[in-house]
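Colleague: Would you mind keeping the following structure in view while I ask a few things?
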Amino acid sequence: MAPKRRSTPIIEGRVGMYVCGPTVYSDVHIGNCRTFVSFDVIYRYLMYLGYKVRYVRNITDVGHLEGDADSNAEDKISKKARLEQLEPMEIVQKYTNGFHEIMHRFNTLDPSIEPRATGHILEQIEMVEEIIKRGYGYEANGSVYFDTNKLLRETDVYGKLSGRKVEDLLVETRDLKNQDEKRHPSDFAIWIKADERHLLRWNAPWSEGFPGWHLECSVMSTKYLGERFDIHGGGNDLKFPHHENEIAQSYGACGNTPANYWIHSNMLLLNGRKMSKSEGNNITPVQLFTGDSPHISKAYSPMALRFFFLQAHYSSTLDLNDASLGAAEKGYRRLIDTYNTLKGLSSTVSKSEHALAGEMEQGIQAAFDEMNDDFNAPKAMARMFELCTVINKLADGQLSTDDAGQHTLDTVTKGFSDLLFVIFGLLDESAAGADDHMDQLQGLMQLVIDMRQQARLNKDWPTSDKIRDTLNAIHIELKDGKEGTQWKINEK
RNA sequence: GGUCGGUUGGCCGAGUGGCUAGGCACAGCUCUGCAAAAGCUGCUACAGCGGUUCGAAUCCGCUAUCGACCUCCA
């Protein structure tokens, strides 16, 4: 799955995929959205290939600490609850709802299972016990730590994923606070004794406390996908320490590493710089949808954003700015509009032997081939845009639809439709919402177009222009072509 | 400070040794009553310096720069 690797599922015909979900202590970050859109396309494509995919994406609602991990730090959910004077679960519910709403606007599919950390406390306690039993964990003052030093001595699994060297992990040069409980600086907490102000707490053999952040993913991936599964994904910034520690925990509890393939999506930049709330270089999904931000000149639709994300490979950083969003919006429209043009084409020849037919079928096949190479959506789209030129020439009469043949037109139409809607998960926004009254709208528009055509035949330009301009003002665009006038609804 | 990864034409972005995507923007043209839409044509870039090679955006080294991780972050 990952770059230039050929994948073989552990169980034939099935794929297990775990993706680290959000910590629900605030509104979802736009970079987070990019990550989940990337994995949505991977999920969709694997299903398209015929795999039965179990896609598990968690909700982190406990254990994710602020600042210095382990001792003095405060749980993110707990802190927010204290500040807003709400129950922690109210915070969790509020931001989980918001997260789902935004993801649905991006037209991402729901995961097969969306487990919560707080729903798996028992399993987490059991895993801590197992880790201790196997000698990879130790207790200190009611907290339990993972013994990374032991793991490093015995195996080469720790540090491999993130390319860290054993010496670097062992020789910790930074000043860390509250290291007294740990035997070694690189050890990390798997159970944390709660202090007085901590709201989220459960009884465990070692103390009343709460699980370490990394533990939930190990527990929930194991529970729903097994000790070994196919794909583990997440943002690049989770590679270390989060994913490295997951590997350690799985090894400590089960004696093996959890995932066959690790997929990491890269960061989203804003105006060429990293997003940072404190420096004001930040934008939210809602601000993008409404245009209410100094960073952008107008609103951008969820589908324009989704297309924008797909124009870069998931493993590359992507720079979000007003100009590139505008370019994506237009590219998205062109692709959808050309598909709608394609749907209307037909040929009197069922199967053509002309070179054009082969060219078009190879073109659409090439797009799928790109997806087979590490889910390369930007390259797949490039192949589709090349076909757009051909499709528009067919519609324009510059190429003959009979040279293409009905079979080829059908093949390309099917391929376009599958790629655009099933795999990329795009929607035709101009068509959405109008379904109920589409028949009436069609009839009405045909009447208006006929009347304008009559005016044009009479050379009554003021009337024909008034019709066109008035429609334009309400975002209905008329397109005069050789075959008559077409219309479409544009984004406001 | 350490480790790792980027630096591609006006902008965004593919691309791991010769065939040098794609989108947007821009210019000219075709079509059009005028436009719009659509089409055609043009726009040949790989941070800098040095090296390896018959040949490098692609490999190696140095420099600059941006970023990630090392400490919460997708």
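Colleague: Can you tell me which residue is surrounded by the most Cβ atoms within 10 Å (Cβ to Cβ) among those in segment A:363-376 that are in a loop (DSSP other than H, G, I, E, B) and of a type outside the set (S, T, N, Q)?
Modeller: Initially, segment A:363-376 is screened for residues in a loop (DSSP other than H, G, I, E, B), giving A:373-376.
Checking the rest, the ones that are also of a type outside the set (S, T, N, Q) come to A:373-375.
Working: A:373: 11, A:374: 19, A:375: 24.
The residue in question is A:375.
Colleague: Out of A:256, A:260, A:271, A:282, I need the residue that is within 30 Å of residue A:217 (Cα to Cα) and within 12 Å of RNA strand B (Cβ to nearest atom). Which one? Let's see the steps before the verdict.
Modeller: On the way: A:256 fails: within 12 Å of RNA strand B (Cβ to nearest atom); A:260 fails: within 12 Å of RNA strand B (Cβ to nearest atom); A:271 fails: within 30 Å of residue A:217 (Cα to Cα).
Among A:256, A:260, A:271, A:282, only A:282 is within 30 Å of residue A:217 (Cα to Cα) and within 12 Å of RNA strand B (Cβ to nearest atom).
Colleague: Right, next: When the residues of segment A:51-65 are narrowed to those that are part of a loop (DSSP other than H, G, I, E, B) and open to solvent by 10 Å² or more (accessible area, probe 1.4 Å), which ends up modelled with the highest pLDDT?
Modeller: Filtering segment A:51-65 for residues part of a loop (DSSP other than H, G, I, E, B) gives A:51, A:58, A:61-64.
Keeping just the survivors that are open to solvent by 10 Å² or more (accessible area, probe 1.4 Å) gives A:51, A:64.
Working: A:51: 95, A:64: 75.
For segment A:51-65, the residue satisfying everything is A:51.
Colleague: Residue by residue through segment A:389-400, note down the ones that are surrounded by fewer than 18 Cβ atoms within 10 Å (Cβ to Cβ) and either within 9 Å of RNA strand B (Cβ to nearest atom) or closer than 14 Å to residue A:418 by Cα (or both). Full working, then the answer.
Modeller: Of all residues in segment A:389-400, those surrounded by fewer than 18 Cβ atoms within 10 Å (Cβ to Cβ) come to A:389, A:392-393, A:396-398, A:400.
Listed by number, the residues that qualify are A:389, A:392, A:393, A:396, A:398.
Colleague: Quick one: count up the residues across segment A:215-229 that are open to solvent by less than 10 Å² (accessible area, probe 1.4 Å) and over 13 Å from residue A:123 (Cβ atoms).
Modeller: Total meeting the criteria: 1.
Colleague: Among the residues of segment A:360-381, write down those that are closer than 28 Å to residue A:486 by Cα, more than 25 Å from the chain's Cα centre (by Cα) and within 15 Å of RNA strand B (Cβ to nearest atom).
Modeller: Within segment A:360-381, A:360, A:363 qualify.
Colleague: If you don't mind, another one. Looking only at segment A:145-189, count every residue that is at pLDDT below 65 and not in a helix (DSSP H, G or I) and tell me the total. First the steps, then the outcome.
Modeller: Taking segment A:145-189 as the starting set, the residues that turn out to be at pLDDT below 65 are A:166-179.
Filter once more, keeping what is not in a helix (DSSP H, G or I): A:171-179.
Here the count works out to 9.
Colleague: Just to check your reading of the model, which residue among A:456, A:468 is at negative phi and in contact (Cβ under 8 Å) with a residue 12 or more places away in the chain? Explain how you work it out, then say what you get.
Modeller: Numbers: A:456 fails: in contact (Cβ under 8 Å) with a residue 12 or more places away in the chain.
Going through A:456, A:468 in turn, just one is at negative phi and in contact (Cβ under 8 Å) with a residue 12 or more places away in the chain: A:468.
Colleague: Where the second residue is not in a helix (DSSP H, G or I) and the first is of a type outside the set (Asp, Glu) and lies in segment A:123-134, which pairs have Cβ atoms under 6 Å and are six or more apart or on separate chains?
Modeller: As it stands, the answer is A:124/A:211; A:125/A:204; A:128/A:144; A:128/A:190; A:128/A:191; A:131/A:137, since those pairs meet every condition given.
Colleague: Within segment A:236-253, track down each residue that is near RNA strand B (Cβ under 7 Å from one of its atoms) and either in contact with a strand residue (DSSP E or B) (Cβ under 6 Å, 6 or more places away or on another chain) or open to solvent by 30 Å² or more (accessible area, probe 1.4 Å) (or both). Full working, then the answer.
Modeller: Our first condition is that a residue be near RNA strand B (Cβ under 7 Å from one of its atoms); within segment A:236-253, this holds for A:236-242.
Within segment A:236-253, A:236, A:237, A:238, A:239, A:240, A:241 qualify.
Colleague: From A:250, A:186, grab the single residue that is small (Gly, Ala, Ser) and out of contact with any Leu (no Cβ under 9 Å at 6 or more places or on another chain).
Modeller: Values: A:186 fails: out of contact with any Leu (no Cβ under 9 Å at 6 or more places or on another chain).
It is A:250.
Colleague: Just to verify a result, which residue in segment A:125-137, among those that are part of a helix (DSSP H, G or I) and either under 19 Å from residue A:151 (Cβ atoms) or not assigned by TED's automatic domain parsing to the domain that holds residue A:184 (or both), is most open to solvent (accessible area, probe 1.4 Å)? I'd like the intermediate steps shown before the answer.
Modeller: Let us first name the residues in segment A:125-137 that are part of a helix (DSSP H, G or I), namely A:125-133.
Next, from what is left, pick out any that are either under 19 Å from residue A:151 (Cβ atoms) or not assigned by TED's automatic domain parsing to the domain that holds residue A:184 (or both): A:127-133.
On the way: A:127: 18, A:128: 0, A:129: 82, A:130: 61, A:131: 0, A:132: 56, A:133: 158 Å².
Result: A:133.
Colleague: Quick one: would you say residue A:409 is part of a loop (DSSP other than H, G, I, E, B) and either within 30 Å of residue A:348 (Cβ to Cβ) or assigned by TED's automatic domain parsing to the domain that holds residue A:303 (or both)? Talk me through it step by step, then tell me what you get.
Modeller: On the way: part of a loop (DSSP other than H, G, I, E, B): no; either within 30 Å of residue A:348 (Cβ to Cβ) or assigned by TED's automatic domain parsing to the domain that holds residue A:303 (or both): yes.
Answer is no for this residue.
Colleague: While we're looking at this one, here's another question. Does segment A:447-468 contain at least one residue that is near RNA strand B (Cβ under 10 Å from one of its atoms), farther than 30 Å from residue A:362 by Cβ and in a loop (DSSP other than H, G, I, E, B)?
Modeller: Yes - at least one qualifying residue is present in segment A:447-468.
Colleague: Identify, please: which residue in segment A:1-25 is assigned to a loop (DSSP other than H, G, I, E, B) and modelled with pLDDT of 90 or more and is, among those, farthest from RNA strand B (Cβ to nearest atom)? Walk me through how you get there before you give the answer.
Modeller: Looking only at segment A:1-25, we keep the residues that are assigned to a loop (DSSP other than H, G, I, E, B), and these are A:1-13, A:20-22, A:24-25.
Checking the rest, the ones that are also modelled with pLDDT of 90 or more come to A:13, A:20-22, A:24.
Numbers: A:13: 28, A:20: 5, A:21: 7, A:22: 5, A:24: 10 Å.
That would be A:13.
Colleague: Right, next: Could you list all residues from segment A:31-52 that are away from RNA strand B (no atom under 13 Å from the Cβ) and in contact (Cβ under 8 Å) with a residue 24 or more places away in the chain? Talk me through it step by step, then tell me what you get.
Modeller: Here is the first cut: in segment A:31-52, the residues away from RNA strand B (no atom under 13 Å from the Cβ) are A:40-52.
Passing the criteria: A:40, A:41, A:42, A:43, A:44, A:45, A:46, A:48, A:50, A:51, A:52.
Colleague: Considering segment A:285-319 alone, what residues qualify as being β-branched (Val, Ile, Thr) and within 11 Å of RNA strand B (Cβ to nearest atom)?
Modeller: Taking segment A:285-319 as the starting set, the residues that turn out to be β-branched (Val, Ile, Thr) are A:286, A:290, A:296, A:317.
Listed by number, the list holds a single entry, A:317.
The values are calculated or read from the model by the stated rules, or taken from the named source; none is laboratory data. Small disclaimer: the values here were computed from a predicted structure and weren't measured. Quick reminder, even Gly has a Cβ in these numbers, built from the backbone with ideal geometry, and neighbours come from all protein chains shown. We work out accessible area using only protein heavy atoms, side chains counted, and drop any ligands, DNA or RNA first. Shrake-Rupley method; radii C 1.70, N 1.55, O 1.52, S 1.80 Å.
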